[in-house]
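Peer 1: Here it is, the structure, as structure tokens.
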Amino acid sequence: MSKFDQDVNYIRALILLSIFKAKSGHPGGSLSSVDFLYFLFDKVLKLKKKDFKNWNRNYFILSKGHCAPALYAVGFIKKFLSFNSLLNLRKIDSNTQGHTDLRKLNWVGASTGSLGQGLSYATGIALGLKSKKVNKKVFVMVGDGEIQEGQVWESLMFSAHYKLDNLIIILDYNKIQSDDFNKNIMNFEPLKDKLISFGMNVQEIDGHNFNQIKNCLLRIKKNKKPNFIISHTIKGKGVTFMENKPQWHGSVKLTFEQIKEALIELNNFEKLRKYL
Amino acid sequence: MKSKILEVGKSQYTLRDQFGLSITKLAKKNKKIIVLDADVAGGTGLHRFRKKFPKRFFQCGIAEQNMISLAGGLASLGFIPIVTTFSVFMLRGLEQARLSIAYNNSNVKLVASHPGLDVGPDGGSAQCLEDLAIFRSLPNFRVISPADPNEMDSAVKEIIKFKGPVYMRTGRSEIKKIFTKKYKFKIGKGKIIKKGEDLSIIACGVMVERALVASKKLEKEGIKARVVNMSSIKPIDKDLIIKCAKETKKFIIAEDHNKFGGLGSAVSEVISEFCPIKVKYISVQDEFGISGEPNELAEKFNLDYKAIIKLAKKLNLKK
């Protein structure tokens, strides 16, 4: 197992530990999105805690803000967040709010919890950086259920119109939303065709494959079109009993038996058992 | 006595035109100011800004939700985004105003033209009678409604000085000039613009001029009606309300807005807690408007100076 995969397994374990302690939260989408998230923070964004005070930098925004546990766990690894904060997820007076919250943490990019808004907010930042002639990038991750929001398509129209090639939109496409599979709730396929017709550079990758994540980011074009990466993932990835099951979207209370089984599968039970 | 702040007469500009002029002038010095528009710049008075600062004017198309969230992102880089559309379409981005702006206390100004029955012929669907109530209920938002072009000019400077979210009404119709250039708007402050001790007429926006006319006519009948311009609806000038309540004992609160949640409610919240007195309301009675000229609508919906006079007489008879 590569160092990267080991790290991601540990982050998956931390996500579930924090959700277990919180007695609620969204494990499915947190586990599906975390490979890409960690890759961005570890290899691409190059951000240190002090950088978040400046506007002249790269940005990441988690528009699917219910997957905050994944961002918090990555933030802990990158030393933006204390372990204590991670374990206080969703607790009263914590800085790890149920959805990312700028009032509490300046490095989370946007306050979220209403789908579609994070994408527009990120687009605003991309527009602002362009108009200040600053050569920095804005990464924003959206969920598959999220793209059913009309605001998402307003925003894509806008970023194409303003030629925001500094905007990189990542779709964590795990095929499952709150109640059921996307196709049973509201079908949006053929998605790639829609995105191309909206003026995006579109790439499709396996979002759990390190090399594919790396290569798709190397292929980001500066051709006056926004970039859209369809990252195919598995809801609940890494924990067999959660994989591909709508019931693990959230907001769920994990039993002790469940968290134990999950941490064992992720090879982190011994390391983390004292916190259970 | 000739007042230093009053100068009633014909105005050259509507409130929306004056807003466009004032913000364009201010933007020469303040480079942080940018404008976002949803295809209504001709109607909101921002076409001047577009012409003068094409690179700081961002056309967002008819897509208000994206526009309002976008403004939050731009503000995070230090810009001061002025988001402009008709007030009724601001409601379309209400949840965006809540999370992308109010929640983060973002420095964004939502400047809405076409409020109230003052919209006129476009009809009920376009006449926004709910905006003051709605934006007043969002934490961090300041809500203001200036009464004439000179006050608008002063208000533009003040909302740019203030760091945080503002919802401001301009206005569609031609209105009279009320104030001299000496009149200064302050967030959180109202002003007594005509003296009187029998009752106070607390008004905002287009109702201020009607209140002044009513007060002058009442004077001839021996009723001395104080007129207060309460252009800052949130925060509301608590001290001034208490002072007027103590001194005049009776209020008429007048606004081009539904009876719920706007200026009437804001003033009444202060009165009921600190100084209970007799209050009457001039407002739209929980219904939607219809097409017509603004003056015809004001008469039909009892928002004209005659309605104020009628109500004042009723109040005063019960001395």
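Peer 1: Can you tell which of B:G61, B:G72 is open to solvent by less than 30 Å² (accessible area, probe 1.4 Å), out of contact with any helix residue (DSSP H, G or I) (no Cβ under 6 Å at 6 or more places or on another chain) and not acidic (D, E)?
Peer 2: On the way: B:G72 fails: out of contact with any helix residue (DSSP H, G or I) (no Cβ under 6 Å at 6 or more places or on another chain).
Exactly one residue qualifies, and that residue is B:G61.
Peer 1: Give the residue, chosen from B:L36, B:L94, that is aliphatic (A, V, I, L, M), open to solvent by 20 Å² or more (accessible area, probe 1.4 Å) and outside the structural domain of B:G289 (by TED's automatic domain parsing).
Peer 2: On the way: B:L36 fails: open to solvent by 20 Å² or more (accessible area, probe 1.4 Å).
Step by step, each of B:L36, B:L94 is checked, and only B:L94 is aliphatic (A, V, I, L, M), open to solvent by 20 Å² or more (accessible area, probe 1.4 Å) and outside the structural domain of B:G289 (by TED's automatic domain parsing).
Peer 1: Next question. Could you grab me the full set of residues in the stretch B:58-94 that are at the interface with chain A (Cβ under 7 Å from one of its Cβ atoms), hydrophobic (A, V, I, L, M, F, W, C) and touching a residue at least 40 places away in the same chain (Cβ under 8 Å)?
Peer 2: Passing the criteria: B:L74, B:F79.
Peer 1: A follow-up question, please. Taking the stretch A:20-66 as the region of interest, how many residues are part of a loop (DSSP other than H, G, I, E, B) and over 22 Å from A:G116 (Cα atoms)?
Peer 2: Step one: of the stretch A:20-66, the residues part of a loop (DSSP other than H, G, I, E, B) are A:23-26, A:45-48, A:54-58, A:63-64.
Of the ones still in play, those that are also over 22 Å from A:G116 (Cα atoms) are A:23-24, A:45-48, A:54-57.
So the count comes out to 10.
Peer 1: Looking at A:D172, A:D144, which one is within 19 Å of A:N244 (Cα to Cα), without any contact (Cβ under 8 Å) to a residue 60 or more places away in the chain and open to solvent by less than 10 Å² (accessible area, probe 1.4 Å)? Walk me through how you get there before you give the answer.
Peer 2: Details: A:D172 fails: without any contact (Cβ under 8 Å) to a residue 60 or more places away in the chain.
Exactly one residue qualifies, and that residue is A:D144.
Peer 1: Being in contact with a Gly (Cβ under 8 Å, 6 or more places away or on another chain) and at pLDDT 95 or above narrows it down to one residue among B:K234, B:K224, B:K250, B:K220; which is it? Spell out the reasoning first.
Peer 2: Details: B:K234 fails: in contact with a Gly (Cβ under 8 Å, 6 or more places away or on another chain); B:K250 fails: in contact with a Gly (Cβ under 8 Å, 6 or more places away or on another chain); B:K220 fails: in contact with a Gly (Cβ under 8 Å, 6 or more places away or on another chain).
Going through B:K234, B:K224, B:K250, B:K220 in turn, just one is in contact with a Gly (Cβ under 8 Å, 6 or more places away or on another chain) and at pLDDT 95 or above: B:K224.
Peer 1: Scan the stretch A:229-276 residue by residue and report those that are under 30 Å from A:L217 (Cα atoms) and among the basic types (K, R).
Peer 2: A:K235, A:K237, A:K245
Peer 1: So for the stretch A:156-163 (the condition being charged (D, E, K, R) and either surrounded by 20 or more Cβ atoms within 10 Å (Cβ to Cβ) or facing another protein chain (nearest Cβ under 10 Å) (or both)), does at least one residue qualify? Outline the logic, then answer.
Peer 2: Step one: filter the stretch A:156-163 for residues charged (D, E, K, R), giving A:163.
Keeping just the survivors that are either surrounded by 20 or more Cβ atoms within 10 Å (Cβ to Cβ) or facing another protein chain (nearest Cβ under 10 Å) (or both) gives none.
For the stretch A:156-163, residues charged (D, E, K, R) and either surrounded by 20 or more Cβ atoms within 10 Å (Cβ to Cβ) or facing another protein chain (nearest Cβ under 10 Å) (or both): absent.
Peer 1: Condition test on B:R48, is it touching a Gly at 6+ places or on another chain (Cβ under 6 Å), open to solvent by 10 Å² or more (accessible area, probe 1.4 Å) and either modelled with pLDDT under 95 or among the charged types (D, E, K, R) (or both)? Outline the logic, then answer.
Peer 2: On the way: touching a Gly at 6+ places or on another chain (Cβ under 6 Å): yes; open to solvent by 10 Å² or more (accessible area, probe 1.4 Å): yes; either modelled with pLDDT under 95 or among the charged types (D, E, K, R) (or both): yes.
Yes; evaluated as a whole, the condition is true for this residue.
Peer 1: Quick one: A:H249 ticks every box in (1) within 19 Å of A:M141 (Cβ to Cβ); (2) modelled with pLDDT under 95; (3) out of contact with any strand residue (DSSP E or B) (no Cβ under 7 Å at 6 or more places or on another chain) except a single one, so which number is it?
Peer 2: If we test A:H249 against (1) within 19 Å of A:M141 (Cβ to Cβ); (2) modelled with pLDDT under 95; (3) out of contact with any strand residue (DSSP E or B) (no Cβ under 7 Å at 6 or more places or on another chain), just (3) comes out false.
Peer 1: Also, I was wondering about something else. Does B:A97 satisfy being small (G, A, S), assigned to a helix (DSSP H, G or I) and within 13 Å of another protein chain (Cβ to nearest Cβ)? Walk me through how you get there before you give the answer.
Peer 2: Numbers: small (G, A, S): yes; assigned to a helix (DSSP H, G or I): yes; within 13 Å of another protein chain (Cβ to nearest Cβ): yes.
Yes.
Peer 1: Is it fair to say A:T123 is away from chain B (no Cβ under 11 Å), β-branched (V, I, T) and in contact (Cβ under 8 Å) with a residue 40 or more places away in the chain?
Peer 2: Numbers: away from chain B (no Cβ under 11 Å): no; β-branched (V, I, T): yes; in contact (Cβ under 8 Å) with a residue 40 or more places away in the chain: yes.
No; evaluated as a whole, the condition is false for this residue.
Peer 1: Quick one: B:F19 ticks every box in (1) of a type outside the set (S, T, N, Q); (2) open to solvent by 10 Å² or more (accessible area, probe 1.4 Å); (3) assigned to a helix (DSSP H, G or I); (4) touching a residue at least 60 places away in the same chain (Cβ under 8 Å) except a single one, so which number is it?
Peer 2: Just one mismatch for B:F19, condition (2).
Peer 1: Where the second residue is assigned to a strand (DSSP E or B) and surrounded by 18 or more Cβ atoms within 10 Å (Cβ to Cβ) and the first is in the same structural domain as B:G116 (by TED's automatic domain parsing) and lies in the stretch B:251-270, which pairs have Cβ atoms under 6 Å and are six or more apart or on separate chains?
Peer 2: none
Peer 1: Restricted to the stretch A:84-107, and to residues that are open to solvent by 30 Å² or more (accessible area, probe 1.4 Å) and assigned to a helix (DSSP H, G or I), which residue is nearest to the other protein chains (Cβ to nearest Cβ)? Outline the logic, then answer.
Peer 2: Within the stretch A:84-107, the subset open to solvent by 30 Å² or more (accessible area, probe 1.4 Å) is A:84, A:88, A:90-93, A:95, A:97, A:99, A:102-104, A:106.
This time we only want the ones that are assigned to a helix (DSSP H, G or I), so: A:84, A:106.
Working: A:N84: 25, A:N106: 10 Å.
Restricting to residues being open to solvent by 30 Å² or more (accessible area, probe 1.4 Å) and assigned to a helix (DSSP H, G or I), the top hit is A:N106.
Peer 1: So which strands (runs of 3 or more DSSP E) are wholly in the stretch B:143-205 and hold at least 3 residues that are closer than 17 Å to B:A245 by Cα? Give the steps one after another, and end with the answer.
Peer 2: Working: elements: B:166-169, B:176-179, B:191-194, B:199-203.
It comes to B:191-194, B:199-203.
Peer 1: If you don't mind, another one. Suppose we keep only residues that are within 18 Å of the chain's Cα centre (by Cα) and of a type outside the set (K, R) within the stretch A:212-227. Which one would you say is farthest from A:F4 (Cα to Cα)?
Peer 2: Restricting attention to the stretch A:212-227, the residues satisfying the condition of being within 18 Å of the chain's Cα centre (by Cα) are A:212-214, A:216-217, A:227.
Retained after the next criterion (residues that are of a type outside the set (K, R)): A:212-213, A:216-217, A:227.
Details: A:Q212: 14, A:I213: 12, A:C216: 17, A:L217: 17, A:N227: 25 Å.
Out of the qualifying residues, it is A:N227.
Peer 1: In the stretch B:174-203, how many residues are open to solvent by 20 Å² or more (accessible area, probe 1.4 Å) and either polar (S, T, N, Q) or at positive phi (or both)?
Peer 2: Number satisfying all stated conditions: 1.
Peer 1: Can I ask one more? Just name the residue that is most open to solvent (accessible area, probe 1.4 Å) out of those in the stretch B:271-300 that are touching a residue at least 24 places away in the same chain (Cβ under 8 Å) and closer than 16 Å to B:A214 by Cα.
Peer 2: Per the stated criteria, the residue is B:Y281.
Peer 1: Continuing with the same structure: How many residues are open to solvent by less than 10 Å² (accessible area, probe 1.4 Å) and either facing another protein chain (nearest Cβ under 7 Å) or touching a Cys at 6+ places or on another chain (Cβ under 7 Å) (or both) if we restrict to the stretch B:100-113?
Peer 2: Number of matching residues: 1.
Peer 1: Then there is this: Residues being among the small types (G, A, S) and closer than 14 Å to B:R16 by Cβ: count how many of those fall in the stretch B:41-70. Spell out the reasoning first.
Peer 2: In the first step, residues of the stretch B:41-70 are kept if they are among the small types (G, A, S); the result is B:41-43, B:45, B:61, B:63, B:69.
Narrowing the set further to residues that are closer than 14 Å to B:R16 by Cβ leaves B:41-43, B:45.
Qualifying residue count for the region: 4.
Peer 1: When both residues are 6+ apart or on different chains and their Cβ atoms are under 7 Å apart, which pairs have a first residue that lies in the stretch B:24-35 and is more than 16 Å from B:V83 (Cα to Cα) and part of a loop (DSSP other than H, G, I, E, B), and a second that is at pLDDT 95 or above and open to solvent by less than 100 Å² (accessible area, probe 1.4 Å)?
Peer 2: B:N30/B:I160
Peer 1: Kindly indicate whether any position in the stretch A:183-190 is surrounded by 13 or more Cβ atoms within 10 Å (Cβ to Cβ), under 24 Å from A:H66 (Cβ atoms) and in contact with a Ser or Thr (Cβ under 7 Å, 6 or more places away or on another chain).
Peer 2: No; the residues of the stretch A:183-190 include none that is surrounded by 13 or more Cβ atoms within 10 Å (Cβ to Cβ), under 24 Å from A:H66 (Cβ atoms) and in contact with a Ser or Thr (Cβ under 7 Å, 6 or more places away or on another chain).
Peer 1: Further, regarding this structure: Looking only at helices (runs of 4 or more DSSP H) that fall completely inside the stretch B:242-319, which ones have 1 or more residues that are of a type in the set (S, T, Y)?
Peer 2: Values: elements: B:263-274, B:294-300, B:305-317.
The qualifying helices (runs of 4 or more DSSP H) are B:263-274, B:305-317.
The values are calculated or read from the model by the stated rules, or taken from the named source; none is laboratory data. Just so it is clear, the structure is predicted and the values come from calculations on it, not from any experiment. Positions of Cβ are backbone-derived with ideal geometry, glycine not excepted, and every protein chain shown enters the neighbour counts. These area figures cover heavy atoms from the full protein model, side chains too; ligands, DNA and RNA do not enter into them. Shrake-Rupley method; radii C 1.70, N 1.55, O 1.52, S 1.80 Å.
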